[in-house]
Amino acid sequence: MAKQSNTSKIMIGFIKNIFNKKKEDLGYTPIPEATRLQIIADACKQVSRGVFFSTIIIIASFLPVFLLTGQEGKLFGPLAYTKTFILVIDAILVLTLAPVLISYFMKGRFRSENENPVNRNLEAWYEPLITKCIHWRKTTIGVNILALLISVPMLWSLGREFMPPLDEGSILFMPVTLPDVSNGEAKRILQVQDKLIKSVPEVSYVLGKAGRAETATDNSPISMIETIILLKPKSEWRSGLTKDDIINELNHKLQIPGVTNGWTQPIINRINMLSTGIRTDVGVKVYGQNLDTIDAFSQKIRSYLQGIDGVKDLYVEPITGGKYIDIAIKRDEISRYNLSIDDVNTVVESALGGMQLTTTIEGRQRFSVNARYGQDFRDNLQDLKRLQVQTMDFGPIPLEAVADIGISEGPPMINSENALLRGTVLFNVRDRDLAGTVEEAREKLDAMIGQLPKGYFIEWSGQYENLIRSERTMKLIIPIVLVIIFLCMYFAFHSVREAFFSLISIPFALIGGAFMVYFWGVNLSVAVAVGFIALFGLAVETGIVMVIYLNDAMQQLVALKGNSRETITKEDLRTYVIAGAAKRLRPKLMTVCVSLFGLIPILWSTGVGSDVMIPIVLPMVGGVLTSSTHILLVTPLIFLMTKEYELKKYGKIEVLDAKH
């Protein structure tokens, strides 16, 4: 977003600089062509170093985005690369093509800036304001520091989440039944649920699926149902209704005994399952050696998590409760009937599992042809016990004569990870931030972790895992980025004091961003962090331009009165600092306006994608306002105080080369 104003910002600076040089150096007298071109070259050189290092700083500020991995890296990586490439091309064109274009189009007579009513009114408003700020310097600095001190706790009081929830426009309903549910019962539940869902007026279409698809990548059991709910356009919804209200209404209607409801969205569900193996926002993985022990601790974790604010759709992934048919052959009995174990197993295989008879060939495809007993002959235990086993001496006998047949419990599905058995407690987070919910849950589980036997442990996964990884990356790289920005400003000014002086504009840029994010009710996330990162580059870039013009004013003062405390008074410093700050006021304000005009419309955007774009834009809009206010009012004040200190201590002021 910041790239949209970078080219216009530099072009405005070039053109205004050239205009003022012609006006200041030569007035309105017609000048030779060679002199005009030389003025253009000198004006472009004055801001060339600032332009170059401003570009480097903006690119460096996006270094954390380049180093993001996983889902967040894939989402924001294209933004960082696009911004960087455009800035590089901008810098090359502005330093090479812009002076040439200016030499063609900037000809003829130029009027004074005071003749422009906009510029005249701006200066008439700005100079008294900055004069008052300089007069009440302690109050001005105190107000800024107070605002900064207020904004920091406001920022830390916000909730934290990995990514702002993206409204996909549809709902994915994922209920889970008991592991031993039959195909017929799963089908009945699916039909009942679809009818109840369709009864809500805002629902347009419903499509449900139970079990797994014919693919190796889908391991869904028959007990897990997936229903995609397509909603009507929001203009057709009941007045005042939100998507959360619709989900709550559907959840109230779909309270079916033996069914645990789960609500998510189709795209984020697939992303969660692919990236973390968890189909909900958060999962607590329980590792161990025994499935019964893992299930017992999973149920205990579920009881601890119940009642925590924000925890929704709480569910323990079943690792016990599956039903299996056990056929234990009686070895003494089969010897009485002159049968072998293979004879009995062949009957069981052909009756229940199916026996391959032949293979059919259709083109390049081959299909096996299997045969087994019909459903009516094997749909209950009594029918299985009556299955006929053919003997040589005694004719057909029932299967129960040579085998014990019964139903036993076992794991419906065995999940393992890192060579360990795994159980999972799943839940979604709604109506609260992700980090706050998980941190409260972890505090409640800390007392239970000590009760786990040796060889058993838990691990948090899901979106919380992504949040911790992204925060770790940010904390590691942002200090390095600040060092790089400081070095860039040092090479721009060749002064540690001036580099630090420009760097302090970054914290004050946080003020507006923090207030905007806080009052908009947005949680801290990777998207908000990307917005603040983009804001850092903008704040430093504008500050460099201001410092260049302030140093240019100091050069003019030294050229006129010399560099000594005997010739320069505090009033002289004050006058020239105000003149340097007011100089090129219109392009500075135009820079702010271009940024705001490009960003503010996004705040009122709707539709898919706006949920992610708004958190990025919020800190930039607020930060541009406060950082520009700081640069226009506070930066000249701090610059003046620095020069007064230099004049008092060293007997002269440090004058940097503003023309480069």
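Do any chymotrypsin sites (Phe, Trp or Tyr not before Pro) in the stretch 111-216 lie in a DSSP loop with no more than 13 other beta carbon atoms within 10 Å, and if so, which?
Counting only loop positions with at most 13 other Cβ atoms within 10 Å, the chymotrypsin sites (Phe, Trp or Tyr not before Pro) in the stretch 111-216 are Trp136.
Within a Cβ distance under 14 Å of Val612, other residues only, what is the Lys/Arg minus Asp/Glu net charge?
-4
Relative contact order of the chain, please, whole-number percent, based on alpha carbon pairs below 8 angstrom and at least 6 residues apart.
22 percent
Rank these by accessible area, largest first, 1.4 Å probe: Met546, Met613.
Descending accessible area places them as Met613, Met546.
How much accessible area does Val143 have with a 1.4 Å probe, in Å² rounded to the nearest 10?
Solvent-accessible area, nearest 10 Å²: 90 Å².
Quick check for me: using +1 on Lys/Arg Cβ and -1 on Asp/Glu Cβ, what's the dipole size of the stretch 365-498 about its Cα centre, in debye to the nearest 20?
460 debye
About its Cα centre, what dipole magnitude does the chain give when the only charges are +1 on Lys and Arg Cβ and -1 on Asp and Glu Cβ, stated in debye to the nearest 20?
In total the dipole reaches around 3460 debye.
Roughly how many percent of the accessible protein surface of the stretch 181-276 is carbon and sulfur, given a 1.4 Å probe and a whole-percent answer?
56 percent
Suppose every Lys and Arg Cβ carries +1 and every Asp and Glu Cβ carries -1, with no other charges. What dipole size does the stretch 431-470 come out with about its Cα centre, to the nearest 20 debye?
My answer is approximately 200 debye.
Using a 1.4 Å probe and counting only protein heavy atoms, arrange Leu510, Leu399, Leu67 so the residue with the most accessible area comes first.
Leu67, Leu510, Leu399
Please work out the Kirkwood hydrodynamic radius for the chain, using every pair of different C-alpha atoms, and report it in angstroms with one decimal place.
30.9 Å
May I ask which residue of Leu640, Tyr373, Ile294 lies farthest towards the positive end of the charge dipole of the chain, with charges of +1 (Lys, Arg) and -1 (Asp, Glu) on Cβ and the Cα centre as origin?
Value: Leu640.
So which helices of the chain fit the span-like rule, where a helix is a whole DSSP H run, its Cα atoms reach 30 Å or more along the axis, and its mean Kyte-Doolittle is at least -1.0?
Sorted by number, the helices that extend far enough and score high enough are 3-26, 33-61, 70-105, 463-493, 526-561.
Which one of Ile511, Pro117, Ala91 has its Cα pushed farthest toward the positive end of the charge dipole of the chain, where Lys and Arg give +1 and Asp and Glu give -1 at the Cβ?
Of the listed residues, the answer is Pro117.
Carbon and sulfur atoms: what percent of the 1.4 Å accessible area of the stretch 376-422 do they account for?
51 percent
With every protein chain left in place, what is the accessible area of Val200 in Å² (1.4 Å probe, nearest 10)?
So the heavy atoms of Val200 present about 0 Å² to solvent.
Just to confirm, what accessible area per residue do you get for the stretch 152-236 at 1.4 Å probe, in whole Å²?
Ligands and nucleic acids excluded, the result is 53 Å² per residue.
Would you rank Trp520, Trp237 by solvent-accessible area, highest first, keeping every protein chain in place and using a 1.4 Å probe?
Per-residue accessible area, sorted high to low, gives Trp520, Trp237.
Using packing as a proxy for protection, rank 334-344, 448-458 so that the peptide with the highest average count of other Cβ atoms within 10 Å comes first.
By packing density, highest mean first, the sequence is 334-344, 448-458.
Counting Lys and Arg as +1 and Asp and Glu as -1, what is the net charge of the other residues whose Cβ lies under 9 Å from the Cβ of Thr320?
Spelling it out: positives minus negatives among the neighbours equals -3.
Hey, if you put +1 on the Cβ of every Lys and Arg and -1 on every Asp and Glu Cβ in the chain, which of Gly208, Gly307, Gly240 ends up farthest toward the positive end of that dipole?
Gly240
The values are calculated or read from the model by the stated rules, or taken from the named source; none is laboratory data. Worth saying up front: this structure is predicted, and the values here are computed from it rather than measured. Neighbour counts are summed over all protein chains in view; Cβ atoms, including those assigned to glycine, are modelled from backbone coordinates with ideal geometry. With ligands, DNA and RNA removed, areas are computed over all heavy atoms of the protein, side chains included. Shrake-Rupley method; radii C 1.70, N 1.55, O 1.52, S 1.80 Å.
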